[in-house]
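K.L.:
Handing you this structure, nothing more for now.
Every number in this text was worked out from the coordinates using simple rules, so none of it is lab data. Computed from a predicted model, the values in this text were never measured in an experiment. Ideal geometry is used to build each Cβ from the backbone, glycine not excepted, and the neighbour counts take in all protein chains shown.
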Amino acid sequence: MSAAVVVMGIGIALVLALLGATLALAVFRIVRGPTILDRMIGSDMVLTTVLVVIAASMVVRRDLTGIPVLVVIAATSVFATIAVARAVTPSSDPSDEGLTATTPEHAVEEEEQS
C-alpha cells in the first residue's frame, strides 16, 4: 500500500469524524431549542452536513449521479428557512392581528409586561 493511499484514508477518516461531530452538535441544537429560530439553525446545519457528506462521497467515487439529490436538499433547506423567517417576522400590514405577538416567545413576554 502506498503512502498516498494511507494519507487519503486518514484524511477521509478525519473528515468523517468532524462531520459526525457537526451533525451531533446540530441535533443537540434542534433538541435543546429553546426557540424556533434555534431549531431552524440546527435543521439548516443538519441539511448542510448531509449535503457535504453526499458531495464528499461523490468526489471520492468520482460519480455525479447525486447532483439531483443535492439540489433537492438545498432547495428544501432554503424554502424551509424562508418559511420560518416569514412566520416569525411581524407583518407591515397594520390590520394584521398577529402584529404584536408573532412567536410564542413574544406572546409570553407581552403577558409578563402587562
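K.L.:
Filter the trypsin sites (Lys or Arg not before Pro) in the range 22-77 to those in DSSP coil with at most 12 other Cβ atoms within 10 Å of their Cβ, and list the result.
P.N.:
Arg62
K.L.:
Over the C-alpha atoms of the range 21-67, what are the Rg and the largest Cα-to-Cα span, Dmax, in Å?
P.N.:
Using the Cα atoms of the range 21-67, the pair Rg, Dmax is 13.2, 41 Å.
K.L.:
While we're looking at this one, here's another question. Can you check what the net charge comes to around Ala56, using other residues whose Cβ is under 13 Å from the Cβ of Ala56 (Lys, Arg +1; Asp, Glu -1)?
P.N.:
Once all neighbours under 13 Å are counted, the net charge is +1.
K.L.:
What nm distance separates the two modelled labels at Phe28 and Val72, each placed 7 Å from Cα along Cα→Cβ?
P.N.:
Going from the Phe28 label point to the Val72 one covers 3.2 nm.
K.L.:
If r is the Cβ-Cβ distance from Val88 to Thr48 and R0 is 25 Å, what FRET efficiency results, to the nearest 0.05?
P.N.:
Approximately 0.75, to the nearest 0.05.
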